[in-house]
Amino acid sequence: MLTVLAGAAWSGGWFAPAPTPAAAAVITGDAGDEWATTTYDGPMVRKRAAIAVHPGRGADRAHVAGELYAAAKAAGLGEPADATFAVFSADLLNYLVPELTVVLPEGVTTQRAEALMRDHQPGDVAFYVVQQVLVHDVTFAVVTDGVDPAEARQRMDTEGILSDSLNRYATTVQPAGLTVRYFGALLSDGQIETVRAAMARAAGTEAGRVTVSATQPGAGVDLSQGVPHLDENAEHHGH
């Protein structure tokens, strides 16, 4: 059995892959800026406060991110994560496509995120928006069949399907196979099945042997009754 290791940079322990879920949950569309349609909900979907940041002209985005991460830690909010702008709602993206997206740890409210920016906004941030978002935090795992796990990773990276489908992900090579952790905007069922198929090809096995599980423990977000209420009162702040 393959033990799931999300990686030290992502989490602090080992997780056994849970069975692939069967419950259906429809969100919206699969295209454009709308949230994806997914049946992979519950512990795999998390509600988080995110900050859409537009740095000032000529600002160093890495420097801005570093200041925000340090401020969040100093304020006792924990370790933030970066993500693509796709985590935000279509309404927000209609008027702002942020150059930097900072997702705060689970349990941090939008009010605390606003307070963080009010008290610690870097000087080279032109404006920002705080919004509650839904993210997928999932780990794919596969046991290779006649293929060395390191070779399977190379095959997977060379093919490039995961880069196209996930954009950002973290791969861990283990003695029995591979795990891939994804954290970001909700994935459609089609995207997830594409990833499973790509990992299976690289590992010399079948897509049905690639498990999809929640990376973190906890209830997560049940989407069987639709999207839960999210904070829609995001405010634009700038100077």
> Hey, H136 hits all of (1) surrounded by 17 or more Cβ atoms within 10 Å (Cβ to Cβ); (2) under 25 Å from Q225 (Cβ atoms); (3) without any contact (Cβ under 8 Å) to a residue 60 or more places away in the chain but one; which does it fall short on?
Replying inline: (3)
>> Can you pull out every residue in the stretch 138-166 that is touching a strand residue (DSSP E or B) at 6+ places or on another chain (Cβ under 7 Å) and either assigned by the TED database to the domain that holds A86 or closer than 22 Å to V102 by Cα (or both)?
In response: V138, T139, L166
> If you check A86 against the conditions, is it touching a helix residue (DSSP H, G or I) at 6+ places or on another chain (Cβ under 9 Å) and open to solvent by 80 Å² or more (accessible area, probe 1.4 Å)?
Replying inline: no
>> Test of understanding: among T144, T171, T194, which residue is of a type outside the set (A, V, I, L, M, F, W, C) and surrounded by 21 or more Cβ atoms within 10 Å (Cβ to Cβ)?
In response: T144
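Okay, residues lined up against (1) among the aromatic types (F, W, Y); (2) at pLDDT 95 or above; (3) open to solvent by less than 10 Å² (accessible area, probe 1.4 Å); (4) not assigned by the TED database to the domain that holds I192:
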site	(1), (2), (3), (4)
A23	no, no, no, yes
V26	no, no, no, yes
G29	no, no, no, yes
A50	no, yes, yes, yes
P55	no, no, yes, yes
A62	no, no, no, yes
A75	no, no, no, yes
E79	no, no, no, yes
>> Being touching a Pro at 6+ places or on another chain (Cβ under 9 Å) and either part of a strand (DSSP E or B) or more than 19 Å from G220 (Cβ to Cβ) (or both): is that true of F183 here?
In response: no
> What about V97, is it modelled with pLDDT of 50 or more, open to solvent by less than 10 Å² (accessible area, probe 1.4 Å) and outside the structural domain of E193 (by the TED database)?
Replying inline: no
>> Within the stretch 57-172, considering only helices (runs of 4 or more DSSP H) that don't extend past its boundaries, which have at least 3 residues that are touching a Pro at 6+ places or on another chain (Cβ under 6 Å) and more than 26 Å from I192 (Cα to Cα)?
In response: 61-74
> Going through the stretch 147-168 one residue at a time, which ones are surrounded by 13 or more Cβ atoms within 10 Å (Cβ to Cβ) and at positive phi?
Replying inline: N167
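The values are calculated or read from the model by the stated rules, or taken from the named source; none is laboratory data. Predicted model only: the values in this text are computed from it and were never measured. All Cβ positions, glycine included, derive from the backbone under ideal geometry; neighbour counts span all protein chains shown. The area values use the complete protein model at the heavy-atom level, side chains included, leaving out ligands, DNA and RNA. Shrake-Rupley method; radii C 1.70, N 1.55, O 1.52, S 1.80 Å.
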